[in-house]
1. If you take the Cα atoms of the chain, find Rg, then find the Kirkwood Rh from the mean of 1/r over all pairs, what is Rg/Rh?
2. Which of LEU250, LEU260, LEU282 moves the most in a Gaussian network model of the chain with Cα springs under 10 Å?
3. Once the whole set of protein chains is in place, how much accessible area is left on SER273, using a 1.4 Å probe, in Å² to the nearest 10?
4. Cα-Cα over 23 Å: which of LYS161/LYS244; LYS51/LYS214; LYS51/LYS105; LYS123/LYS149; LYS51/LYS149?
5. Between ASP380 and LEU344, 0.36 nm times their residue separation minus their Cα-Cα distance comes to what?
6. What figure, in Å² to the nearest 10, do you get for the accessible area of TYR41 with a 1.4 Å probe and non-protein molecules left out?
7. Of the candidates ALA170, ALA368, ALA305, which one comes out as most mobile in a Gaussian network treatment of the chain with C-alpha springs shorter than 10 Å?
8. 7 Å from Cα along Cα→Cβ at both GLU313 and PHE98: what's the point-to-point distance in nm?
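The values are calculated or read from the model by the stated rules, or taken from the named source; none is laboratory data. Because the structure is predicted, anything quoted here is derived from the model rather than measured. Cβ coordinates were reconstructed from backbone atoms using ideal geometry, including for glycine residues, and neighbour counts include every protein chain displayed. These area figures cover heavy atoms from the full protein model, side chains too; ligands, DNA and RNA do not enter into them. Shrake-Rupley method; radii C 1.70, N 1.55, O 1.52, S 1.80 Å.
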Amino acid sequence: MMKRMNAVLALEDGSVYRGKAFGAQAEACGEVCFNTSMTGYQEILTDPSYKGQIVTMTYPQIGNYGVNLQDVESWRPHVAGFVIRELSPIVSNWRADFSLPEYLKKYDLPGIEGIDTRALTKKLRVSGAMKGFISTKEISDEEAVRRAKEWSGLVGVDYVKEVTHKEPFAWDSKDEESADFKLVHGPGAGDARNVRQPLRAADIPIVAYDFGMKYNILRRLRQRGFRVQVVPGSTPAAEALKYKPAGIFLSNGPGDPAALPYIVREVKELANSGVPIFGICLGHQILGQAFGGKTFKLKFGHRGANQPVKDLESGKVEITSQNHGFAVDPNSLPKEVSVNRINLNDNTVEGMRHKTKPIYCVQYHPEASPGPHDSTVLFDEFRELIEKKG
């Protein structure tokens, strides 16, 4: 067996972690954060919301089921680097198209294994997410720390322009990408990955703003009968309304929402158009600003598939999938906006609803992927809101 190169992860506080390299021979700066999901690493890697971040997985062994081309959440992985405790030596899943190291190498991304991810996660929880540097090349500890300290960070940076699709497009116009899988077993089953449940008719046209949108959001919208026209994140409101949408969807995305005044300006105009709006994650934060509120950076963010959220209107608790490092300040919101969901770990805002306009949003990911399906009903509520508006 070929001996693998050493790798290093350095933090801005001077901490250095040495381990074994996997993936590409490469180096990168990013904000070091952690995700508590037990599975779903390929969806995490390809979530555009992770642009500019070095992701640490808290689950100890990663890579056992490989990577397949059907479960990716974007056209490529967007993380800056990947940190794990132990890389599985084998790939054992019939749907796999790549091993994890092969997939990272294909996109020139560095990975490090064999470090104490529990100690790293505890440090990030106590001190907060930090600027970091990861390298699978030969480099001194001192140089690695210097590179981490000199990185500019996430605050004030517009990453949406780097991950949004550059041109508008109609999602899944041939209905080949959106239906749920129907697993078929036994002789003659063929490739069960391509056997799908039937879709309902796409009878409601909407426009979806792509701030770094995950594909499973688009799948969920199509499954509810929406005909989805995707537009770049910088699209003027007037251009979006030319499609004559019955609703507007605002997607997730990376980075600091306060660095996006040009998007907030257009969303404010959309909010005054009377067209129903549903936003998630970054879309939620942008709506918060469009309402007149402010956002702030969380200490270490919410990233994982086990975040408890309480619906203040129904009293129910949802276990949710989340990935964000910023939140809306509830004290900055006007009286016309109701905070209707909170995070039960830290009481931060997880949902808002406008009291007089057909607009609502959540901070988390109702499409999951990975994660629980407690919140998928929110896509049904979007359809009901549009049908009620008539």
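1. Working: Rg = 20.9 Å, Rh = 21.5 Å.
Expressed as Rg/Rh, it is 0.97.
2. So, out of LEU250, LEU260, LEU282, the one fluctuating most is LEU260.
3. 50 Å²
4. Details: LYS161/LYS244 25 Å; LYS51/LYS214 13 Å; LYS51/LYS105 17 Å; LYS123/LYS149 17 Å; LYS51/LYS149 19 Å.
Beyond 23 Å: LYS161/LYS244.
5. Working: separation 36, 0.36 × 36 = 12.96 nm, distance 2.42 nm.
That works out to 10.5 nm of additional length.
6. In the full protein context, TYR41 sits at about 0 Å².
7. Of ALA170, ALA368, ALA305, the Gaussian network model singles out ALA170 as fluctuating most.
8. About 4.1 nm separates the two model spin labels.
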